[in-house]
Amino acid sequence: MTLPTTQKAVLVPSQGAPAQVHDDVPLPEPSATQLLVKIIYAAINPVDVFTTQFGLLVESWPFVPGSEASGIVVKAGANAMSPLGGHFKEGDLVSGCVRLGVAGHGTFAEYCLLDAEVAVPKPQGLSLASAATVTVGVLTAFLGIFGELGIGIEGIEEGKGAGNGRWVAVFGGAGAVGKFAVQTLKLAGYKVVTTSSTKSFESVRLIGADAVVDYKLPADEIVEQITQITDGKVDLAFDAVSVNNNLVAKMFTAIPPSSAERVFTTTNDWDPVPDASLGFVTKGITLGPIGRPESAVLNKKLTTWIPVIYRLLDNGKLKPGDYSVEGQGVEGIPHAWEAQKSGRLGSKKVIVKVADE
Ligand SMILES: NC(=O)c1ccc[n+]([C@@H]2O[C@H](COP(=O)([O-])OP(=O)(O)OC[C@H]3O[C@@H](n4cnc5c(N)ncnc54)[C@H](OP(=O)(O)O)[C@@H]3O)[C@@H](O)[C@H]2O)c1
């Protein structure tokens, strides 16, 4: 396949500067273990603001943002092995979460690099548009549940997880991460009480939440409702929206422990963690360094889980969330990014159709 030497991409010249579309950004070259992907759909995530406004993980400026996409492999390194086994090859459809902040990887472009060991082959049962919306959410949920909460993954595909009907509180079940946290915990055999705004009550129940509480209620009332719903028996908590340290501290203070260990995992890996003297352990989730060679432990975990994720997405046991296509081409990305930042699309993932399949 003949590839161009340059591409269109969104560039942020320096930290906090406005994004601009350029048409002369060099096409990156994949290493032996990487893929060059022609982006069909680029997804927009909260972390894209953290990289561009705060410089999170950004190695150099100007910088092409964007952390998640789906597309077609146009070049595969000689050792670019699929997590499903075998080599990736030209024409394969994939989605994934790229290295954050590293040149050549940003997905607000026509082409991006993707590390093969953490690439998710597109399941037959999923459209390429949906595939662009799932990887950040599902990989983060798996890290929280099977990594930080220490829940066993065995049996989840057969509905024989070890949860035994115990309760987990998921804060923010309607978000991209939260939707997969709720569904995965159900597959693992747990009961889930979650929080969302009232407009998302129906959708979180449809993906399996046993009970839902309005996150806009006063904190005491949320804790009271969770206490009643769980009969005062909840020792695991997952904050999928990064803003609930105080609420979780309040909940675990109000509800006495019903098991030897209480664990709280959170997508918030930047604020100080709640005081350990409150009787629970807080474990931050860190997907950000995905793909980097120094993240061998993280990458290995994800490689191991991707075949499970692939099958659960393919057979519909894990369902992607709703999305909204908010633009076309690389030129459409800045406008779509503003739509995502405005919050007006609620829990819908914002994507851009960068090119035709
Ligand atoms: N540490 C990591 O490795 C990692 C990985 C992935 C994501 N994250 C972080 O995790 C957070 C969530 O990411 P995401 O992609 O899932 O976000 P998202 O889909 O954009 O989240 C939006 C959803 O959150 C809901 N929400 C907002 N405030 C809430 C609250 N106080 N309680 C319950 N629900 C609330 C919104 O509901 P309404 O619209 O109805 O108000 C909306 O449904 C972000 O801060 C992201 O940066 C961290």
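Can you work out which of the residues in the range 254-287 that are within 16 Å of the ligand (Cβ to nearest atom) and among the hydroxyl-bearing types (Ser, Thr, Tyr) is surrounded by the fewest Cβ atoms within 10 Å (Cβ to Cβ)?
Top of the filtered list is THR286.
If I filter the range 26-48 for residues that are within 20 Å of the chain's Cα centre (by Cα), surrounded by fewer than 16 Cβ atoms within 10 Å (Cβ to Cβ) and modelled with pLDDT of 95 or more, do I get at least one hit?
no
Identify, please: which residue in the range 135-171 is over 23 Å from LYS283 (Cβ atoms) and assigned to a helix (DSSP H, G or I) and is, among those, nearest to the ligand (Cβ to nearest atom)?
The qualifying residue nearest to the ligand (Cβ to nearest atom) is GLU157.
Tell me, which residue of the range 60-81 that is within 23 Å of PRO13 (Cβ to Cβ) and aliphatic (A, V, I, L, M) is surrounded by the most Cβ atoms within 10 Å (Cβ to Cβ)?
Checked the range 60-81; the qualifying residue surrounded by the most Cβ atoms within 10 Å (Cβ to Cβ) is ALA69.
If you take the residues of the range 346-357 that are in a loop (DSSP other than H, G, I, E, B) and within 8 Å of the ligand (Cβ to nearest atom), which of them is surrounded by the most Cβ atoms within 10 Å (Cβ to Cβ)?
Taking the candidates together, the pick is SER347.
Could you tell me whether any residue of the range 207-224 is under 26 Å from ASP48 (Cα atoms) and in contact with a strand residue (DSSP E or B) (Cβ under 6 Å, 6 or more places away or on another chain)?
yes
Scan the range 77-98 residue by residue and report those that are in a loop (DSSP other than H, G, I, E, B), of a type outside the set (Val, Ile, Thr) and within 21 Å of LYS353 (Cα to Cα).
Once the filter is applied, which keeps residues that are in a loop (DSSP other than H, G, I, E, B), of a type outside the set (Val, Ile, Thr) and within 21 Å of LYS353 (Cα to Cα), the range 77-98 yields GLU90, GLY91, ASP92.
Can you find a residue in the range 222-236 that is in contact (Cβ under 8 Å) with a residue 24 or more places away in the chain and within 23 Å of the chain's Cα centre (by Cα)?
yes
Any chance you could count how many residues in the range 202-213 are within 21 Å of the chain's Cα centre (by Cα) and either farther than 18 Å from ALA162 by Cα or of a type in the set (Ser, Thr, Tyr) (or both)?
Residues flagged as within 21 Å of the chain's Cα centre (by Cα) and either farther than 18 Å from ALA162 by Cα or of a type in the set (Ser, Thr, Tyr) (or both) within the range 202-213 amount to 5.
State all residues of the range 172-191 that are in a helix (DSSP H, G or I), hydrophobic (A, V, I, L, M, F, W, C) and away from the ligand (no atom under 13 Å from the Cβ); if no residue qualifies, say none.
Listed by number, the residues that qualify are LEU185, LEU187.
Quick grid of which residues meet (1) in contact (Cβ under 8 Å) with a residue 24 or more places away in the chain; (2) among the polar types (S, T, N, Q):
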site	(1), (2)
VAL263	yes, no
GLY279	yes, no
PRO293	no, no
ASN299	yes, yes
THR303	yes, yes
VAL308	yes, no
GLY316	yes, no
PRO320	yes, no
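Just to be sure, is GLN15 within 25 Å of the chain's Cα centre (by Cα), at pLDDT 95 or above and surrounded by fewer than 17 Cβ atoms within 10 Å (Cβ to Cβ)?
Yes, satisfied.
From the list LEU57, LEU84, LEU114, LEU100, which one is surrounded by fewer than 24 Cβ atoms within 10 Å (Cβ to Cβ), touching a residue at least 60 places away in the same chain (Cβ under 8 Å) and closer than 29 Å to GLU338 by Cβ?
LEU57
Which residues, counting only those in the range 200-244, are within 14 Å of the ligand (Cβ to nearest atom), in a loop (DSSP other than H, G, I, E, B) and not small (Gly, Ala, Ser)?
ILE207, TYR215, LYS216, LEU217, PRO218, VAL241, VAL243, ASN244, listed by residue number.
The values are calculated or read from the model by the stated rules, or taken from the named source; none is laboratory data. What you see is a predicted model, and the numbers here were worked out from it, not measured in a lab. Every residue, glycine among them, receives a Cβ derived from its backbone with ideal geometry; neighbour counts consider all protein chains shown.
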